[in-house]
């Protein structure tokens, strides 16, 4: 949104596309227009982002295409082609420039029972609360490594829901160690830690136990979740929210041929870029989690940088050197916090833990760890494993299983994760009805300079 | 209405949808996912082994929540429940061992 | 690891694996060398059609090619038998389904083409039946009303390319064949008798002595042949395929079109696979030539065109979600027929590449194994005459 607003103000025509109905992405998660929510996202933490949203929604040069999934990104004779699938049709959009800011998604962590109905990604739980004003269950257990789950658990109890337990896999010492090791970075970013502290207090007030050094070992139930197991201990619940970190989404840049690298610590492909957020594909910029998981504040700065670069490429902004330097300085400062948080939330220990052979690794095709292990006896190439087992061939096209598979391969080969490559990113990035695809409606860039952001 | 926050929240118009033959109330602006999660059994589909499966990511990436949707006009579509707003008269079916 | 083998097979695709199995079973010591991983090329990327009717591409260019195609029909009839016993022979589930193939026609011109094709096939001993539109829809209710006629061949169908090559490799290994992956061949020297084959793995080189060598490296075969100072007129071809999400059982047949590019089937898992020879774009390597190892770029017009034909013939496809498009590289020769047999000027050097190697692969492997092992050689030579390397020997007349 930040990028689109800056670019549009200089006269470039911008289309912004997002899978959600309303702008704001996963951070703002605006409730539907038909809802009225008093005091929505009050508080200092959200002030900056809300301002960005206001500027975006009132900018006349921006065309908002909500509720559309970008299916692919291709270059055709110097122009980009993006297919945008909605509920009724597919738009074929052409543009001279593209900004991809497709964010991240919760790291799926396979463990016994994780495919039972009622197991949710913590980010997904938060999305229900924020943009649907809905608590998606009766009694929650939160398990993971990321402090965000404190905030989400607090949001549940504040809304009147019940949280039975918040269980951190890592010990309290392990969680606190990075903070103690970098006290200045911690202090500089005290606001963000303050919201975690506030969440802890809310949870205490509601008598929600928060425990450390408690790895989730299994989820049990007949046709849906009935309990979470932590070794011998059993906690009854109907929802388990997993919060182990986040994985960047780089499907579109990869389809366009941009170089990516395996992200730490949770994994996934993050797209490489220069100091102007440009990828190694001409005309393609990125911002936000696609470049590496770093949070909302960093995303905005990167969006600004990309916008300045886009304007420069269009010969439209002679005075961007200083603002760009300032954005980079702010980013550098934020980087310290990002690294700190990544350290605190590092799911490394969880991901290398052994799971029962019949645990599902590929959710879409129901491929077990056992099947994949057998294939790994024959080959260590991800695509070969895919061919042999169907792992990665389902609807999600590897988003849920690739991190776990590549980790398994790395543990067998001894090589760095991602060095053996991964699944190829192919059209369509999301499933699309064929009838819509064969007769798309065209939205061509009529001006010689036009820019398009995909969010 | 299981789970719906009412404190400080006003909802849009109430509307009526059908889920696997059952008529349900829903509110304008809600996603199909919300309506299903408000039920006692949060199953969206059956997997290839016949086991029930539910929504996971709630943001369109995991593909667990695909359902068949028919609106007043147009073909039957297979859509992600977490991204699809309900509309009045919408007919929704959860899916069996195949994706469709 | 031995330094002498009766046979070195270059390429762990279908044909290489199948030939290795046949020869190992007959008592030969076999080494299979694969530069990447097994089944990575066209063998694993294709859609698994088992097609025995004369292909559309042979009908495109008039009568001459159609005559050659009719000669292939003899091989097709062998392939029908070979596929019938394959799952038992390999003790593996290859998801072979043979409920029949329908090649459809819609316009009067297409009907005429279909009639001519069926006549040729009949003369060559293939039992294709000509059906009118209603009869076609009777056995295939999913076909559109616009289908006016169809050639139906009971023996056609599909199998799972992801399972076939690995099954051959496992059987070969049980018979004592050795497989080395991530291993390139860097030189082939004729030492009469036999060949010295230089291999490179992890920067380390090793030379093995081979009684015979089989080049079964698909689109890479010409490069390997270069090492033996031989021209092979085999060229890479980039194709594009589409897969829908898994749907309820709808299309039990292999569906093709006589006048348009279309090949459709429903895999055992339920996905509808849609292809038919639609082009993708080959990528060029550092040396400026086409590099079959680089993933081809998809072409939007191919995707749209392919899906349009598919929906015209099977209207239900329009309501399915497209899951994935992928591209792969296969190979074609100068006269569209594969090259299978011994190189006349270099006895002991064999080639098996150049397309159609899923359907006909097991048969080619059985026959070339006979040539390699010198068992029932005359019969094998006769069956493979139509695809013999000898027809291109003029290209090597000046190769020292």
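Before we move on, is residue C:348 in the same structural domain as residue C:20 (by TED's automatic domain parsing), within 30 Å of residue A:398 (Cβ to Cβ) and at pLDDT 95 or above?
no
Looking only at residues in region C:223-274 that are outside any loop (DSSP other than H, G, I, E, B) and within 14 Å of chain B (Cβ to nearest Cβ), which one is surrounded by the most Cβ atoms within 10 Å (Cβ to Cβ)?
Result: C:244.
Do we have any residue at all in region C:99-119 that's under 22 Å from the mean Cα position of the chain (by Cα) and surrounded by fewer than 22 Cβ atoms within 10 Å (Cβ to Cβ)?
yes
Considering region A:96-109 alone, what residues qualify as being away from chain B (no Cβ under 14 Å) and either assigned to a loop (DSSP other than H, G, I, E, B) or surrounded by fewer than 23 Cβ atoms within 10 Å (Cβ to Cβ) (or both)?
Within region A:96-109, A:96, A:101 qualify.
Listed residues A:218, A:227, A:278, A:241; which is more than 24 Å from residue A:430 (Cα to Cα) and without any contact (Cβ under 8 Å) to a residue 24 or more places away in the chain?
After ruling out the rest, the residue left standing is A:227.
If you take just the strands (runs of 3 or more DSSP E) that sit entirely in region A:118-174, which of them hold at least 1 residues that are more than 14 Å from chain B (Cβ to nearest Cβ) and buried (at least 21 other Cβ atoms within 10 Å of the Cβ)?
Details: elements: A:119-121, A:139-144, A:162-168.
Once the strands (runs of 3 or more DSSP E) in region A:118-174 are filtered for at least 1 residues that are more than 14 Å from chain B (Cβ to nearest Cβ) and buried (at least 21 other Cβ atoms within 10 Å of the Cβ), what remains is A:139-144, A:162-168.
In the set C:137, C:154, C:170, which member is farther than 20 Å from residue A:381 by Cα, surrounded by fewer than 19 Cβ atoms within 10 Å (Cβ to Cβ) and under 22 Å from the mean Cα position of the chain (by Cα)?
C:154
Any chance region A:234-256 includes a residue that's part of a strand (DSSP E or B), farther than 20 Å from residue A:113 by Cβ and over 19 Å from the mean Cα position of the chain (by Cα)?
No - not one qualifying residue is present in region A:234-256.
Being out of contact with any strand residue (DSSP E or B) (no Cβ under 6 Å at 6 or more places or on another chain), within 14 Å of chain C (Cβ to nearest Cβ) and either surrounded by fewer than 23 Cβ atoms within 10 Å (Cβ to Cβ) or modelled with pLDDT under 90 (or both), is that true of even one residue in region A:339-359?
The answer is no; no qualifying residue exists.
Considering only region A:185-193, I want to know if a residue exists there that is outside any helix (DSSP H, G or I) and within 30 Å of residue A:278 (Cα to Cα). Before you say what the answer is, go through the steps one by one.
First pass over region A:185-193, keeping only residues outside any helix (DSSP H, G or I): A:189.
If we keep only those that are within 30 Å of residue A:278 (Cα to Cα) as well, we get A:189.
Scanning region A:185-193, I find at least one residue that is outside any helix (DSSP H, G or I) and within 30 Å of residue A:278 (Cα to Cα), so the answer is yes.
Given the criteria touching a residue at least 12 places away in the same chain (Cβ under 8 Å), in a helix (DSSP H, G or I) and out of contact with any helix residue (DSSP H, G or I) (no Cβ under 9 Å at 6 or more places or on another chain), does residue C:77 qualify?
Answer is yes for this residue.
Would a scan of region A:406-419 turn up a residue that is in contact with a strand residue (DSSP E or B) (Cβ under 8 Å, 6 or more places away or on another chain), in contact (Cβ under 8 Å) with a residue 24 or more places away in the chain, within 13 Å of chain B (Cβ to nearest Cβ) and surrounded by fewer than 22 Cβ atoms within 10 Å (Cβ to Cβ)?
Looking through region A:406-419, none of the residues is in contact with a strand residue (DSSP E or B) (Cβ under 8 Å, 6 or more places away or on another chain), in contact (Cβ under 8 Å) with a residue 24 or more places away in the chain, within 13 Å of chain B (Cβ to nearest Cβ) and surrounded by fewer than 22 Cβ atoms within 10 Å (Cβ to Cβ).
Let me confirm something: among B:54, B:89, B:74, which residue is closer than 24 Å to residue A:113 by Cβ and either within 7 Å of another protein chain (Cβ to nearest Cβ) or surrounded by fewer than 17 Cβ atoms within 10 Å (Cβ to Cβ) (or both)?
After ruling out the rest, the residue left standing is B:54.
Considering only residues that are more than 7 Å from chain A (Cβ to nearest Cβ) and closer than 23 Å to residue A:245 by Cβ, which ones fall in region B:57-68?
B:65
Evaluate the following for residue C:380: is it more than 20 Å from the chain's Cα centre (by Cα), over 24 Å from residue A:397 (Cβ atoms) and either within 14 Å of chain A (Cβ to nearest Cβ) or assigned to a helix (DSSP H, G or I) (or both)?
No; evaluated as a whole, the condition is false for this residue.
Any residue at all in region C:140-158 that is within 30 Å of residue C:291 (Cα to Cα), away from chain A (no Cβ under 14 Å) and touching a strand residue (DSSP E or B) at 6+ places or on another chain (Cβ under 6 Å)?
Yes, region C:140-158 contains at least one residue that is within 30 Å of residue C:291 (Cα to Cα), away from chain A (no Cβ under 14 Å) and touching a strand residue (DSSP E or B) at 6+ places or on another chain (Cβ under 6 Å).
Could you grab me the full set of residues in region B:21-49 that are assigned to a strand (DSSP E or B) and either within 7 Å of another protein chain (Cβ to nearest Cβ) or closer than 17 Å to residue B:90 by Cα (or both)?
Step one: list which residues in region B:21-49 are assigned to a strand (DSSP E or B), which gives B:22-27, B:31, B:45-46.
Those that are assigned to a strand (DSSP E or B) and either within 7 Å of another protein chain (Cβ to nearest Cβ) or closer than 17 Å to residue B:90 by Cα (or both): B:22, B:23, B:24, B:25, B:26, B:27, B:31.
Go through A:376, A:334, A:405 for me and flag whichever is more than 20 Å from the chain's Cα centre (by Cα), assigned to a helix (DSSP H, G or I) and not assigned by TED's automatic domain parsing to the domain that holds residue A:230.
A:376
Look at residue B:94 and say whether it is over 21 Å from residue A:126 (Cα atoms), within 15 Å of the chain's Cα centre (by Cα), more than 7 Å from chain A (Cβ to nearest Cβ) and surrounded by 16 or more Cβ atoms within 10 Å (Cβ to Cβ).
Details: over 21 Å from residue A:126 (Cα atoms): yes; within 15 Å of the chain's Cα centre (by Cα): yes; more than 7 Å from chain A (Cβ to nearest Cβ): yes; surrounded by 16 or more Cβ atoms within 10 Å (Cβ to Cβ): yes.
Against the criterion (over 21 Å from residue A:126 (Cα atoms), within 15 Å of the chain's Cα centre (by Cα), more than 7 Å from chain A (Cβ to nearest Cβ) and surrounded by 16 or more Cβ atoms within 10 Å (Cβ to Cβ)), residue B:94 qualifies.
For residue B:18, work out the one condition from (1) more than 7 Å from chain A (Cβ to nearest Cβ); (2) surrounded by 18 or more Cβ atoms within 10 Å (Cβ to Cβ); (3) assigned to a strand (DSSP E or B) it doesn't fulfil.
Unmet for residue B:18, out of (1) more than 7 Å from chain A (Cβ to nearest Cβ); (2) surrounded by 18 or more Cβ atoms within 10 Å (Cβ to Cβ); (3) assigned to a strand (DSSP E or B): (2).
With respect to residue B:42, is the statement that it is surrounded by 23 or more Cβ atoms within 10 Å (Cβ to Cβ) and without any contact (Cβ under 8 Å) to a residue 24 or more places away in the chain true? If you could, list the steps in order and put the result at the bottom.
Values: surrounded by 23 or more Cβ atoms within 10 Å (Cβ to Cβ): yes; without any contact (Cβ under 8 Å) to a residue 24 or more places away in the chain: yes.
Spelling it out, residue B:42 is indeed surrounded by 23 or more Cβ atoms within 10 Å (Cβ to Cβ) and without any contact (Cβ under 8 Å) to a residue 24 or more places away in the chain.
For the list (1) in the same structural domain as residue A:228 (by TED's automatic domain parsing); (2) under 25 Å from residue A:360 (Cα atoms); (3) surrounded by fewer than 19 Cβ atoms within 10 Å (Cβ to Cβ), I need the number of the one condition that residue A:112 fails.
(1)
The values are calculated or read from the model by the stated rules, or taken from the named source; none is laboratory data. Treat the numbers as computed from the prediction; the structure is a model and nothing was measured. Heads up, the Cβs are rebuilt from the backbone with ideal geometry, glycines too, and the neighbour counts pull from every protein chain shown.
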